[in-house]
Each structure stands twice: as structure tokens, then as C-alpha cells.
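The values are calculated or read from the model by the stated rules, or taken from the named source; none is laboratory data. Note that the coordinates shown come from a computational prediction; the quantities given were computed from them, not determined experimentally. Glycine gets a Cβ as well: all are built from the backbone with ideal geometry, and neighbour counts include every protein chain shown. Side chains are part of the model used for accessible areas, which takes the heavy atoms of the whole protein and leaves out ligands, DNA and RNA. Shrake-Rupley method; radii C 1.70, N 1.55, O 1.52, S 1.80 Å.
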Amino acid sequence: MYFHDDALFPENQEKLVITVAPYGPEWEPGDFREDLPLTMDEHVQQAVDCYDAGATVLHIHVRELDGKGSKRLSKFNELLGRLRDAVPDMILQVGGSISFAPEGSGAEAVWLSDDARHLLAELDPKPDQVTIAINTNQMNIIELMTDDDIAGTSFTRPEVYEAYREMHVPAGPGWVAEHLKRLQAKGIQPHFQLANIAQFETVERLIRRGVYTGPLMLTWVGIGGGFDGPNPYNMMEFIRRVPDGAVLTLETLMRSVLPVNTMAIAMGLHARCGNEDTLWGRKGQKMTSVQQVEQLVRIAGELGREVATGKEAREIYQLGERYSGADETLAKIGFAPNRKPGQIGFTHHA
């Protein structure tokens with residue numbers, strides 16, 4: 001992304017889109033019962049409260065009444081149907097893992113099979129977005145957690161700790177291509193969750209080959225454990241490589257969430273918060289998803305940056321847009337064009 005001299009002036013920035021992830025699939029309800037929804041009514045109310053606080057994108061997981069993350073698409077259908085009525089302007093973004101929570105004591109934390117995740121394209125009512133991982137990758141969410149982060153939570157149990165330490169994301173090239181095909185055929189926008197530059201380069205290749213032809217919605221996920229860590233040098237190199245026409249959100253975990261979001265807001269990028277990313281405000285003090293959204297709204301206000309409404313967020317996310325092929329997609333996003341036969345030197349758009 002290119003930053004002009006006046007790029008940090010809020011009047012020259014897009015309005016801020018805040019994504020909230022308030023369903024914390026890695027936690028057990030008792031880890032923060034005041035904020036982790038259990039019943040369907042609580043799931044819906046969490047969305048309403050986060051929207052009223054200023055969040056316009058809802059990252060969705062669903063919990064069963066026994067407290068475990070749901071892997072039943074019928075539960076997602078039920079929640080999506082109720083959310084369409086309760087928060088009609090909110091962008092509904094289903095987490096592509098469905099749920100990675102272990103199903104029992106001593107079980108592994110695993111993403112569902114390729115075929116099961118493909119069924120997210122069949123959700124009814126359909127979501128606006130489904131997040132998509134690129135390239136099979138380690139996802140050890142424990143690596144950056146401190147003793148303070150897990151104190152008093154289910155993560156102090158050795159079997160839970162070990163389950164999440166050994167988790168990985170299955171996202172091979174065949175699955176990715178098929179998943180993109182199915183999502184696009186159903187009019188669901190893929191939201192690419194990227195761990196590093198290598199994954200970003202794979203997305204660029206998919207675009208250059210015409211596998212994906214639409215607006216580029218990205219989240220940089222700096223959670224360590226096989227992903228980039230929340231190191232500003234990692235973050236800034238990723239930002240530098242992203243083309244100007246993309247929409248970029250920054251995500252990390254635990255007490256790195258607030259400083260990284262503050263930098264995102266200041267730079268004209270977009271922010272993500274919620275109990276899936278952190279339970280904590282100040283050290284040792286829990287903070288609800290709604291309180292996290294309210295905090296980001298206050299910071300944006302101090303910087304003079306306006307927060308997008310639901311309808312404005314939909315315009316920024318270019319929902320429903322599709323392009324005619326690789327050439328138009330490259331031009332709209334801001335990548336250099338593909339090289340023509342016999343062309344030498346640097347390529348550029350006319």
C-alpha cells in the first residue's frame with residue numbers, strides 16, 4: 001500500500017470498519033461466562049450489542065448448549081436466519097474453520113474436513129462472507145499466550161493446552177481452488193485470512209490465473225505459532241506488499257490486540273477485536289467484546305477517524321462485486337498486469 005504525505009490525515013482515510021469476533025470458539029463458557037454466549041438468544045444478543053457499539057462485521061461461530069463449539073451447519077443456518085432479522089445491516093462473516101474446538105477431553109483441536117468446510121457454500125440464508133485459509137499451516141495459538149493470559153481459564157488444563165498447541169490449518173491448493181469456486185458460485189465473498197507473505201503471494205497467483213475474480217478482502221493474522229507474530233516489522237512488510245485496492249484488516253491476540261488495532265486505525269486500515277482474539281483489557285482485567293468495540297470507537301474518535309455504518313461498511317467491502325477475469329481483477333485491486341507474450345521489463349497499467 002502506498003502512503004502519501006497526507007495519508008495519515010483522517011479526512012483522507014476510509015471510514016473504519018470494525019470486525020468483532022464475540023463467540024470465542026477456543027474458550028469454554030466458564031472462562032468468561034459474562035461474555036461467552038451459550039444459548040441462541042445469547043448469540044443473537046451479542047451481535048446486537050456489538051453492532052450498537054460500532055462493529056459492522058460479525059465473525060461467526062456457534063456454541064452448543066454443552067458449551068462446545070458447534071460443528072452442525074443447521075446451527076449456523078438457525079443463527080444466520082435470526083441475525084438477518086436482528087442486525088440486517090451487519091456483514092455476516094462465517095469462520096471457515098466452522099469450529100476448531102476439541103470435541104472431548106484429550107481430543108485434538110482440529111479443523112473440519114475439506115468436504116465439510118465446502119458445505120459452508122450451502123448455508124441458508126447465505127452469509128456475506130466466509131473466511132478462507134491459504135496453504136496448510138501450523139496454528140499454535142498457545143505460543144504467544146502468557147501465564148497471565150491463561151490464568152483461571154480452561155487452558156490451564158494440560159489436555160486443552162496441548163490440543164491447541166498442536167493445532168494446524170488444512171488448506172491445500174486443491175481444496176482452496178474448489179472452495180473459491182463454490183463460494184463465488186453462490187455469491188459469497190471470500191475473506192482471506194493470511195498468516196504471512198508466502199500465503200499472500202499464493203493469493204496473488206490465484207488472481208493472476210483467474211481462480212479468484214473479485215475484490216480483495218484480507219486480514220493479516222499476527223498470532224504467532226506458525227503465523228506472523230505481532231512484530232511491527234512483520235506487519236509493516238505485509239502492509240507494504242498489499243496493493244492499494246485491497247481492504248486490509250489487522251488481527252492479533254491477547255494484549256497485543258489493542259496496540260495493533262490502534263496502529264491500524266491510525267494508518268487508515270481496519271480493526272478486529274472480540275473474545276476470540278482476547279479476553280483482556282489491562283493486565284489481569286477481563287474485557288467484554290462490546291467493551292473492546294467501544295474502546296476502538298473512542299480511539300478512532302480521538303484520531304478524528306469516522307466509524308463506518310453497516311451500509312458504509314458494505315460499500316467498502318464491495319459485496320456482490322465480481323470481475324470479468326484476471327486482467328480486470330488485477331487492475332481493480334492494484335496489482336501489476338500479467339506479462340504479455342514477448343513483453344520485457346516492468347509491467348504497468350496504461
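So here's what we get for this one:
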quantity	calculated
Any hit, region 1-21, residues being under 27 Å from A133 (Cβ atoms), buried (at least 21 other Cβ atoms within 10 Å of the Cβ) and touching a Pro at 6+ places or on another chain (Cβ under 8 Å)	no
Qualifying residues in region 276-298 (those that are without any contact (Cβ under 8 Å) to a residue 60 or more places away in the chain and more than 22 Å from I91 (Cα to Cα)) - the one surrounded by the most Cβ atoms within 10 Å (Cβ to Cβ)	M287
Residue within region 195-209 that is over 30 Å from L258 (Cβ atoms) and aromatic (F, W, Y) present	no
Condition check for E201: of a type in the set (D, E) and over 27 Å from D6 (Cβ atoms)	yes
Sole residue being in contact with a strand residue (DSSP E or B) (Cβ under 6 Å, 6 or more places away or on another chain) and either open to solvent by 80 Å² or more (accessible area, probe 1.4 Å) or modelled with pLDDT of 95 or more (or both), chosen from R305, R314	R305
Residues located in region 58-76, provided they are closer than 21 Å to L120 by Cα and in contact with a Leu (Cβ under 8 Å, 6 or more places away or on another chain)	L58, I60, V62, R63, K71, L73, F76
All positions within region 202-221 that are among the polar types (S, T, N, Q) and either under 13 Å from the mean Cα position of the chain (by Cα) or closer than 29 Å to L253 by Cα (or both)	T202, T219
Output for region 158-199, where each listed residue is aromatic (F, W, Y), over 18 Å from A109 (Cα atoms) and buried (at least 20 other Cβ atoms within 10 Å of the Cβ)	F192
Residues located in region 320-349, provided they are open to solvent by 50 Å² or more (accessible area, probe 1.4 Å), under 30 Å from A308 (Cβ atoms) and part of a loop (DSSP other than H, G, I, E, B)	G320, E321, R322, S324, H349
Count of region 40-54 residues which are out of contact with any helix residue (DSSP H, G or I) (no Cβ under 9 Å at 6 or more places or on another chain) and buried (at least 17 other Cβ atoms within 10 Å of the Cβ)	0
Tabulated pairs, region 51-66, first more than 16 Å from R82 (Cα to Cα), second part of a helix (DSSP H, G or I) and open to solvent by less than 40 Å² (accessible area, probe 1.4 Å), C-beta under 7 angstrom, 6+ apart or interchain	A53/V290; A53/V293; G54/V293; A55/V293; T56/G310; T56/A313
Some residue of region 239-252 being touching a Ser or Thr at 6+ places or on another chain (Cβ under 8 Å), buried (at least 17 other Cβ atoms within 10 Å of the Cβ) and not in a strand (DSSP E or B)	no
Any hit, region 261-275, residues being open to solvent by 30 Å² or more (accessible area, probe 1.4 Å), over 30 Å from Y164 (Cβ atoms), at pLDDT 95 or above and not in a loop (DSSP other than H, G, I, E, B)	yes
Number of the exception - V203 against (1) within 25 Å of I141 (Cα to Cα); (2) buried (at least 18 other Cβ atoms within 10 Å of the Cβ); (3) touching a Lys or Arg at 6+ places or on another chain (Cβ under 9 Å)	(3)
Residue within region 210-230 that is in a helix (DSSP H, G or I), open to solvent by less than 40 Å² (accessible area, probe 1.4 Å) and of a type outside the set (A, V, I, L, M) present	no
Filter result for A101 (on the phi < 0 side of the Ramachandran plot and touching a Lys or Arg at 6+ places or on another chain (Cβ under 9 Å))	yes
